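Visitor: Structure incoming, see below.
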Amino acid sequence: MPPKSTAAPAKEASPLRVVTAAIQSQQFAPVYYLHGDDDFLKDAALRDLLAAAIDEGTRDFNLEQRRAADLDAEALASLLTTPPMLAERRAVVLRDVTTLKKAARTQLDRYLKNPASDTLLLLHSPTGTKPDTALCNASVSLDFAPLTPERIRKWIAHHASTVLQVDIAEDAAQLLQQAVGNDLHMLAAEIDKCASYVLGAHDAANVARPMVDIDAVSAVVGVRRGETVTDLLDAVARHDAATATNLVAHVLAQPKVNAVQVVMMLSTQAFALSFGRARRDAGIPTNRLPQEFFAFLKETGGYPGRPWGEAASAWTKVTDQWSADACQRALQLLLETDMALKDTRVSNEEQLLMSLVLALCATRTRKAA
């Protein structure tokens, strides 16, 4: 039998780093507990662990994937005590592990006190499930929380490079994130399309490695630089009604954007500007605002349509153009529009958003002190 893995990594380690380290070293813990609210990363980690730990040729014999609720104690015990066949290890995946019946859970807890060294047990919990403390303590706990916008930008480059074997230019990754948002499933699909697009011209160009540039993203996703929802947010923030109204139709025409999403991002921006105005009124100098905004986003978890650092920088430039009264008026307008958009009798989202943008741009007062 192979030796047991080394001790579990420190709790603060990134789950992606833990998985990568295990795969690279081929040293696997006997039990991993995959939980958290990012199903894309969770499922990708599960696939990667299985691909690295279980030989493809014997997978039919050495891989069992079951729904926990379907297992009684006897069936679970059989799964956990069956030895590998013609291989050094086997794997058992228990999905929705917290739905185990009482007797089966007792059997699992007994096993976790002394797990087999030749079995890789992967315990999986779906999004929205509270982490099970006992399982966390008895395994290598991998908490897949949603990535921050900053990390999403890095993930785009990492996914393109490692999974699709293409590079992506920084401005192309920026445009892709602005156009698609923070949904990793949708981002992965669009990156795959962009990779296919550039691979078609790769051989003809005779370059070492294909590059997804901003033109490729524009062609595939259907959005050009200067016409994203982020550009609309910036135009509203600086009270540029002409630019903002021209952008409304372009933004709503994008396949991954709707009016409710735009209002949510405008609301995050309005709350941030209200917070920034309050900090300025409290005597915080302008050069301190980026750190203040970053802390605000970290605490609230709001999604500003781009990495937090970029949003903080953009808001710092315009905070002094917003008075406390203007911020409150903006929040009221956003609430009214949100309610109107959710009214099933309303059909013209573009008209509502256009009216909102004009009203927000009209809130400008003379520059605050």
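Visitor: Can you list residues from other chains, or at least 5 along the same chain, whose modelled amide H is less than 5 Å from the amide H of VAL212?
Guide: The answer is ASP167, ILE168, ALA169.
Visitor: Ok, one more. Under the definition of Cα pairs under 8 Å and six or more residues apart, what whole-number percent is the relative contact order of segment 159-268?
Guide: It comes to 27 percent, rounded to a whole number.
Visitor: How much of the accessible area of segment 212-312, probe 1.4 Å, is carbon plus sulfur, in whole percent?
Guide: 52
Visitor: Please report the accessible area of LYS342 (heavy atoms, 1.4 Å probe, ligands and nucleic acids excluded) in Å², nearest 10.
Guide: Roughly 130 Å² of LYS342 is accessible to a 1.4 Å probe.
Visitor: Please say if segment 1-136 is rounded, prolate or oblate, where rounded means a/c under 1.5 for a ≥ b ≥ c the square roots of the C-alpha gyration tensor eigenvalues, and otherwise the choice is prolate for a/b larger than b/c and oblate otherwise?
Guide: Since a/c stays below 1.5, the shape of segment 1-136 is classed as rounded.
Visitor: Just the accessible area per residue of the chain, please: how many Å² with a 1.4 Å probe?
Guide: I get 50 Å² per residue for this part.
Visitor: On each of the three principal axes of the Cα atoms of segment 219-369, give max minus min coordinate, whole Å, ordered largest first.
Guide: The Cα atoms of segment 219-369 stretch 45, 33, 29 Å along the principal axes, largest first.
Visitor: Also, I was wondering about something else. On a full-extension model of 0.36 nm per residue, what is the gain between ALA242 and VAL163, subtracting their alpha-carbon distance, rounded to one decimal in nm?
Guide: Result: 24.2 nm gained on full extension.
Visitor: Another question, then. For the cross-link pairs LYS154/LYS193; LYS42/LYS130; LYS256/LYS317; LYS130/LYS298; LYS101/LYS130; LYS154/LYS256, which exceed 23 Å when the distance is taken from alpha carbon to alpha carbon?
Guide: Long pairs (Cα-Cα over 23 Å): LYS256/LYS317.
Visitor: Evaluated at 37 °C with a viscosity of 0.692 mPa s, what Stokes-Einstein diffusion coefficient in µm²/s does segment 258-326 have when Rh comes from the Kirkwood expression over alpha-carbon pairs? List each step's numbers first, then the result.
Guide: Values: Rh = 12.0 Å.
Estimated via Stokes-Einstein, D reaches 274 µm²/s.
Visitor: Of the listed values [x] 56; [y] 44; [z] 29, grab the one calculated as percent of Cα pairs over 34 Å apart from the structure here.
Guide: [y]
Visitor: Tell me, rounded to the nearest percent, the portion of alpha carbon pairs in segment 315-365 spaced more than 17 Å apart.
Guide: Roughly 40 percent, once rounded to a whole number.
Visitor: Moving to a separate point now. Work out how much length SER78 to GLU299 would gain on full extension: take 0.36 nm times their residue separation and subtract the Cα-Cα distance, in nm to one decimal.
Guide: 75.0 nm
Visitor: Same structure, new question: Taking K and R as +1 and D and E as -1, what net charge do the other residues with C-beta under 14 Å from the C-beta of LEU41 add up to?
Guide: Charge balance near LEU41 sits at -2.
Visitor: How long is segment 225-267 along each principal axis, judged by its Cα atoms, biggest number first, in Å?
Guide: So the three principal-axis extents are 25, 21, 15 Å.
Visitor: For a quick check, take a GNM of the chain with Cα springs below 10 Å and name the residue from ARG47, ARG279, ARG329 with the largest mean-square fluctuation.
Guide: ARG47
Visitor: To continue, here is another question. Let me have the 222 nm mean residue ellipticity of the chain computed from DSSP H runs of 4+ only, each contributing -39500 (n - 2.57), with the sum over all residues rounded to the nearest 500.
Guide: Helix-only estimate at 222 nm: -17500 deg cm²/dmol.
Visitor: Same structure, new question: Run the accessible area of segment 17-134 with a 1.4 Å probe and give the carbon-and-sulfur part as a rounded percent. Don't jump to the answer; show the numbers that get you there.
Guide: Numbers: 2830 of 5760 Å².
Looking at segment 17-134 in its full context, I get 49 percent from C and S.
Visitor: Now a separate question. So what is the relative contact order of the chain, in percent, for Cα pairs below 8 Å that sit 6 or more residues apart?
Guide: Details: 524 pairs, mean separation 54.0, N = 369.
For the chain, the relative contact order is 15 percent.
The values are calculated or read from the model by the stated rules, or taken from the named source; none is laboratory data. Values in this document were obtained by computation on a predicted structure and should not be read as measured data. Here the Cβ is made from the backbone with ideal geometry for all residues, glycine too, and neighbour counts use every protein chain on show. Side chains are part of the model used for accessible areas, which takes the heavy atoms of the whole protein and leaves out ligands, DNA and RNA. Shrake-Rupley method; radii C 1.70, N 1.55, O 1.52, S 1.80 Å.
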